[in-house]
Structures are given as structure tokens and as C-alpha cells.
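A quick write-up on the structure given underneath.
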Amino acid sequence: MRQNKKKLAALKNKHLNQPCIIIGGGPSINKMDLNRFKDMVTIACNGFYLKMEELDFIPTYYTVEDHLPATDNKLEIMSLKETIKVIPYDLKHIIKPDNDTVYINFLRSYMRPKNEHFPLFGDEFEKKSYWGGTVLYMNIQLAHYLGCNPIYLIGVDLSYKVPNTVKKAGAVLTSTEDDMNHFDPRYFGKGKKWHLPETQRMQQSFTKAYHELKKRNVKLVNAGVDSQLKVIPKGKVKF
């Protein structure tokens, strides 16, 4: 516990005023040359290890906050080296500790999404961070804690289609065929479980992050292609 606290504290402002690329899993990243970002601070998540097969770099940080992809991809994520894995404490039984893993206090049930104040966004990432319906909302909070500015988003397409062939159990879906919603058909491919995508809630969270960061003079930029993100201004990554 004490060692984890020390590792987490060491990340605060570690990349002060450096640009950061937060990489989403949308198909659009297949249209981009991600190797251009190999010397920059990068945050990847979930099944991004599939893309790493063709890249010249390993993301600086790697995250997962949903227990479904954490469970399905645990062996691949735990095997990653030379990247700092930032994981909620309540997934510690899935993503086991190692020297490169840091655990955070991630609040999932602090208020209902219909609450007018949802989601919360704070400046105390070392104490708590907030769920916003997408792992990328956690990653934006992480990038802010790292001191990054500007923060660029890529691969945030927000154009999900739920195939008729999926098996549904409430909000949990199980794929029976290739994934059409992400950069690799294996991402949430056959046998993988995922939550019903709530794009409106995701938009709400991205908008919240943009306004909160703007108050703090931190730029949040949509640098992706084929993105349906609203409010967040579009722009190109400045090297």
C-alpha cells in the first residue's frame, strides 16, 4: 500500500506542460501513422496491445477500468513491459501487482448518470478519480495529473453499431463474430464481453472534461479523424 502510494505520487506533474496523446480504440486509428507519436507521452487502453504488433513503440501508460475487458485481456495486459499500467484498486484481483503497475482509487458509483452534475472531475487523482462511462474519461484525468498540456484525443470515433448476432444479458453483450467497432476485429471479437455503448453519456463526459480543463488552462483537442465528438475543438498534433 505504501509503495503504491509512493509510485502514484511520483507521477504527479511528471510530464508537466508536455503534450500527451490519448489513444482510443476506434477504427479511425488505422488511417493514422501512430509511429509519429513514439517520442511523445501516450496513454493506451483495453485491447490496444493488438495494435502494438505493428508499432515501433510501447505506450507510456496503459489502462483498463472496465472489469469485462480487464478479465478478457488480463494475461496480455499483465505481460506488457516498459509501460506503466494504471489500474483501479477493485481490479487488483484481475490485474495482478508488478513493478510497473500502479493502483488508483476509482469511484464508479458516486452518482447516477442522470444527475445534472455527472460526471465529476477533480484535481486529486492521487486520492480519487471518477467514472464517466468510458475508460478515456479516466485517461483524461490521468493525463491532467501527469501535468500534460495539451491533451490530444485520437481514435474517439463514437460510432458504435451493435450487431444482431450478439448475445445480450442486460447491459452486457457477448460477441459471436468479429468486432466492427474497433481498429481490430479481435478487439471485442468472438467470445469477448463488452457493455452496451452509451454514446450520449460518453459525449457528456468528454464535454465535461473539456470545460473543466479549460478552466485550468489545459487544452483538450480532438486530433482524430472520422470522429463524432462534439464541443471539443478539432486540431492537429503539434510536435
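Odds and ends about this structure:
Listed here are the residues, each with its yes/no results for (1) over 22 Å from Phe37 (Cα atoms); (2) open to solvent by 70 Å² or more (accessible area, probe 1.4 Å); (3) not acidic (Asp, Glu).
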position: Val64; (1), (2), (3): no, no, yes
position: Thr71; (1), (2), (3): yes, no, yes
position: Lys74; (1), (2), (3): yes, yes, yes
position: Ile87; (1), (2), (3): yes, no, yes
position: Ile95; (1), (2), (3): yes, no, yes
position: Phe106; (1), (2), (3): yes, no, yes
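- Residue in the stretch 171-185 that is at pLDDT below 95 and of a type in the set (Gly, Ala, Ser) present: yes
- The stretch 93-120: number of residues that are within 17 Å of Tyr137 (Cβ to Cβ), under 19 Å from the mean Cα position of the chain (by Cα) and not in a strand (DSSP E or B): 7
- On inspection, Tyr160 fails the criterion of being within 16 Å of the chain's Cα centre (by Cα) and aromatic (Phe, Trp, Tyr).
- Tabulated pairs, the stretch 152-172, first in contact (Cβ under 8 Å) with a residue 24 or more places away in the chain, second aromatic (Phe, Trp, Tyr) and part of a loop (DSSP other than H, G, I, E, B), C-beta under 8 angstrom, 6+ apart or interchain: Gly155/Phe183
- Selected residue (criterion: nearest to Ile232 (Cα to Cα)) from residues of the stretch 128-144 that are of a type outside the set (A, V, I, L, M, F, W, C) and either open to solvent by less than 10 Å² (accessible area, probe 1.4 Å) or in contact with a strand residue (DSSP E or B) (Cβ under 8 Å, 6 or more places away or on another chain) (or both): Tyr137
- Among the residues making up the stretch 1-54, those that are among the aliphatic types (A, V, I, L, M), open to solvent by 40 Å² or more (accessible area, probe 1.4 Å) and either free of Cβ contacts under 8 Å to residues at least 24 places away in the same chain or on the phi > 0 side of the Ramachandran plot (or both) are Met1, Ala10.
- Residues of the stretch 84-141 satisfying the condition of being within 18 Å of Pro59 (Cβ to Cβ) and without any contact (Cβ under 8 Å) to a residue 12 or more places away in the chain: Asn99
- If the condition is being modelled with pLDDT under 95 and hydrophobic (A, V, I, L, M, F, W, C), then the stretch 188-224 contributes only Leu196.
- The listed residues are Lys7, Lys31, and the only one of them that is within 15 Å of Lys85 (Cβ to Cβ) and charged (D, E, K, R) turns out to be Lys7.
- Options Asp100, Asp123: the member that is open to solvent by 40 Å² or more (accessible area, probe 1.4 Å), closer than 19 Å to Leu8 by Cβ, among the acidic types (Asp, Glu) and out of contact with any Leu (no Cβ under 9 Å at 6 or more places or on another chain): Asp123
- Odd one out for Arg36 among (1) touching a helix residue (DSSP H, G or I) at 6+ places or on another chain (Cβ under 9 Å); (2) charged (D, E, K, R); (3) in a helix (DSSP H, G or I): (1)
- If only residues of the stretch 202-239 that are without any contact (Cβ under 8 Å) to a residue 40 or more places away in the chain and open to solvent by 70 Å² or more (accessible area, probe 1.4 Å) are counted, the one that is farthest from Asp123 (Cα to Cα) is Lys236.
The values are calculated or read from the model by the stated rules, or taken from the named source; none is laboratory data. Keep in mind that what you see is a predicted model, and the values were worked out from it rather than measured. Neighbour counts are summed over all protein chains in view; Cβ atoms, including those assigned to glycine, are modelled from backbone coordinates with ideal geometry. Side chains included, ligands, DNA and RNA excluded: accessible areas come from the protein's heavy atoms. Shrake-Rupley method; radii C 1.70, N 1.55, O 1.52, S 1.80 Å.
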